[in-house]
Structures are given as C-alpha cells and as structure tokens.
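One structure below.
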Amino acid sequence: MEKLVIQGGAALKGEVRISGAKNAALPVLFASLLHEGESRIANLPRLQDIRTTLALLMELGVGIQKQDDGSRSLDASRLLSNEAPYDLVRKMRASVLCLGPLLARFGEARVSLPGGCAIGARPIDLHLRGLEALGASIELEAGYVQAKAPKGGLQGGRVLFDRVTVGGTENLMMAASLATGKSTLENCAREPEICDLADALRSMGAQISGDGTSVIEIEGSESLGPMDHTVIPDRIEAGTYMAAAALTQGNVKLHGARLEHLDALISKMAQAGVEVRREGDGLRVRHHGELHAVDVETRPYPGFPTDLQAQFMVLMTRATGSSAVTETVFENRFMHVPELNRMGADITTRGRTAFIRGVPELHGAKVMATDLRASATLVIAGLAAIDTTEVLRVYHLDRGYERIEDKLTALGASVQRVPQDWKG
C-alpha cells in the first residue's frame, strides 16, 4: 500500500488540466456493448475504475485497442458472454451498468450484485423495476441478477423512478435504446453525465430527447451504429481543485472546467468570498483573505453535489464563524470528520448534519482515507495545514483522481507518493 506525504503551507498557483469525467466515462464505456461493431471513445481518464471497466468488457469479449491520440477503440462484434462475474463486479458498483446493454442486445443477462449491495444502501432495485417495466423478468439467484427479455425483445414503456437515481436512469436509457417502441422515463437524474451518455447514444443513432430534464423520451431502434464520443471534463475533479486553490489562498486556472456544470458550487464559493470566473477554455479560481461561513445542503443535480460535500466542508474549517453541512443524498458520508478533527478542525455531527466552527489553522497529522471523496478532502486539508500530513490508504484516490500528486506538484505543492511503511 502507498500513502501521500504532504508538506503544507504553499499557495497553489498555475494551471491544471481537468481530466475526463469518471462518472460519465463508465456508462459510455458500457454503452459500447449496444453496437455489434467498433466504437471510439476519447478523453478517458487514467483511473482504477476505468481499468476495472475495461477488464470487465474484455471478459465479455470486447476487443480494446489504445489509439495514438489516447482514445480507445472498442470492438463488441464478437461478445463471448452475457454474464458479468462477481470477481470483477465486486470491485466497482458501477459495473451493474452492463445489465441494461447486455439484456437489450441478447435478451438475457446475468450480472453479479455489486459489492456491498444486498438491495440495501444505494440499492439497484430501481434499475430492476425499470427493466421490468420494459417487459423483463428478473430473478435474484445466488448473488446474481438473472434478467430475461420477453420473446421479441424489450418493449418500450413508462418508467417512473420512485427516487432520483443516476445509475438507474443510465441503465434504462441504454436498455430502452434497443427496445421496440417508445419509452418514457420519469423522475430522471439530470446530471451532466446523463446528458453526456445521451450524446454518446445519439452518436450511435439513438433517438433520445429530454436529457437534462426529469423526463427523458427514447424511441427504440432495431439496431445502433458505431459510437464516436469524447467524454466531458470531470466536474468533481474540477470542484476539488477549486476547493484546494481557495483553502491555500491560491490562484489557479482549470483548463476544461465548465462553469455551467458547477453552478451550485460556484454560488456557495462566491458567498464564502472565493472568486471564480470563466477564462478561456476553463475557469480561474483565486482567493486571498478571510473565508466566510456558508451553510450547504446536498441535493440531486442541479443542487449541491454530494461528491463535493466533503471538499466544501474542509473549506469551512478555516472560515470565520460557524456553518452547517447537511447530507441528504447518502447516509454515512461523514467518515472524514474524525480525521479532519485530528488535524485541528472543530466539527460535530448530529444525524445528517455536520456543524463546523472555523479555526485559525489546521495541523499536519497521520490520517486514514475512508473513501474516494474523503481521500481528496484530507489531501486538501494537508495542503493548507502546518507541518506534514500523511494520508494513508490512497488507493481510494486512484479510483477517481488522475495523477493527483503530479498535478498538485505542478501547482507548487509538496506532495510525495511513497510506500506506506516509508519513514522519510
């Protein structure tokens, strides 16, 4: 295992390019299964979750080649299996996104339940009910979802999601693209990643409208053509660097970051006294002086993103006054709080709300990363802390941040990746 060793105190300055969005790339990769031929996908980030997805696609029989321009060609003309095995699906919850495409193309699919998912927290029941609304029969057997389409394939229908679900919306968009007739998906997720998947499917000839709203309509096709698609920049990575620049009193240009994808965060940062403006092909973030305390409540898009909750919280640890951060999307998403308190933060939690009192400074400490976004939060805290911070178990970071230590070093930070038993 590895850790990051951070010497805090340097203001981040310079320019950084935002990588392709992980949460957009994963469904787009699985959408390549819908075409019996070759597709091209560009701007894939170099992340562990992408490698896991490519491994799963190869297990299914997809031929994958890296092109000179960094894009990937994916040839799904000779699939070997319609089963996604536990050994690969357990590594990444998003692997369940192969269910819709496999079922639509073959009329049958067998996909392991995602790791940690016994139809409990972050369940896939909404995916399954949606597929049933298109005529599929679903059985849960020995930890696997066994799905079968009716004779003649999936049939267009009305799907009303009980709750907003990003993955469920994506799975049903892909499945409905090869269903017979028209499908109407209601109470859909509205994230930019949903729109990116819709763009990818339209490049294959799918007839989709309404993406970006709560109602998406899809006129199913008998077959789809090759995909040629470039993945959007990662708004969560961009938001993470925005928080890091603000907390370190920095001045950073984020190439590729899209203002329209970050409205909720930018509004809150402006209230906190951070300047964010469009500049060229991206955004400029700068801050000097005091931070103002601001309350935040996470909501599905276009509300404040749950994936930026922890990063905004660490910003509030240095704000003047008291603030509250309320998490409404996922339970148990305050695991970073004890680690921030080890660094001198003053945070208490009550239910789904964290109450933060700003402190004059943070101090370096040895801290443990518990999940992807918590890992990034501890790195941000270390950048602004006095003395040295060691962030352990950084394999979480590699699931969602491409070369984070290299990008931060280029901005003037002192960050080293070393073996976890390294003593310096």
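Bear in mind that the values in this text are calculations on the coordinates, not laboratory data. Being a predicted model, the structure only gives us computed values, none of them experimental. Positions of Cβ are generated from backbone atoms using ideal geometry, with glycine treated the same way; all protein chains shown enter the neighbour counts.
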Taking amide hydrogens as modeled 1.01 Å from N in the peptide plane, which residues meet the under 5 Å criterion relative to Arg90, leaving out close sequence neighbours? Gly115
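How charged is the neighbourhood of Gly250? Take every other residue with its Cβ under 12 Å from the Cβ of Gly250, and add Lys/Arg as +1 and Asp/Glu as -1. Provide the component values of the computation, followed by the final result.
On the way: positive: Lys13, Lys253, Arg284, Arg286; negative: Glu15, Glu275.
My count for the surroundings of Gly250 gives +2.
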Which of the peptides 370-379, 180-189 is most tightly packed, and how do the rest follow, judged by the mean count of other Cβ atoms within 10 Å per residue? 370-379, 180-189
Considering only the chain, what is the antiparallel percent among its DSSP beta bridges, to the nearest 5? 70 percent
Roughly what % of Cα-Cα distances in the range 22-230 sit above 30 Å, to the whole percent? 11 percent
The relative contact order of the range 22-230, taking Cα pairs under 8 Å that sit 6 or more residues apart, comes to a percentage of 20 percent
Counting Lys +1, Arg +1, Asp -1, Glu -1, what net charge surrounds Gly61 among other residues with beta carbon under 14 Å of its beta carbon? -3
Using all C-alpha to C-alpha distances in the chain, build P(r) with 10 Å bins and read off the rounded percent in each one. 5, 22, 30, 24, 14, 4, 0
Starting from the Cα of Lys366, draw a straight line to each of the lysines and keep only those under 18 Å, dropping any in the same chain fewer than 8 residues away. Lys3, Lys423
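Which of the three applies to the range 360-415, rounded, prolate or oblate, going by the alpha-carbon gyration tensor with a ≥ b ≥ c and a/c under 1.5 meaning rounded? Intermediate results must be reported in sequence, preceding the final value.
Values: a/c = 2.10, a/b = 1.20, b/c = 1.74.
It comes out oblate by the Cα gyration axes.
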Highest mean packing first, using Cβ neighbours within 10 angstrom, the peptides 92-105, 380-393 sort as 92-105, 380-393
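Before rounding to the nearest 500, sum -39500 (n - 2.57) across all DSSP H runs of length at least 4 in the chain and divide by the residue total; then give [θ] at 222 nm in deg cm²/dmol.
Roughly -8500 deg cm²/dmol at 222 nm, from the helical runs in the chain.
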Taking Cα pairs under 8 Å and at least six residues apart, what relative contact order does the range 185-227 come out at, in percent? 44 percent
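If you take the Cα Rg of the range 56-174 and divide it by 2.2 N^0.38 Å, with N the number of residues, what do you get?
Details: Rg = 14.6 Å, N = 119, 2.2 N^0.38 = 13.5 Å.
Here the Cα radius of gyration is 1.08 times the empirical estimate.
Could you sort the peptides 204-214, 44-54, 138-148, 169-179 by per-residue average Cβ neighbour count (10 Å cutoff), highest mean leading?
Working: 204-214: 17.0, 44-54: 19.6, 138-148: 15.1, 169-179: 27.9.
The most tightly packed comes first, giving 169-179, 44-54, 204-214, 138-148.
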Relative contact order for the chain using alpha-carbon pairs under 8 Å, separation at least 6, rounded to a whole percent? 21 percent
Which residue, Ser322, Ile380, Thr53, has the largest displacement toward the positive end of the dipole of the chain when charges sit on each Cβ (Lys, Arg +1; Asp, Glu -1)? Ser322
List the GluC sites (Glu not before Pro) in the range 279-346 that DSSP assigns to loop (not H, G, I, E or B) and whose Cβ has at most 11 other Cβ atoms within 10 Å. Which are they? Glu331
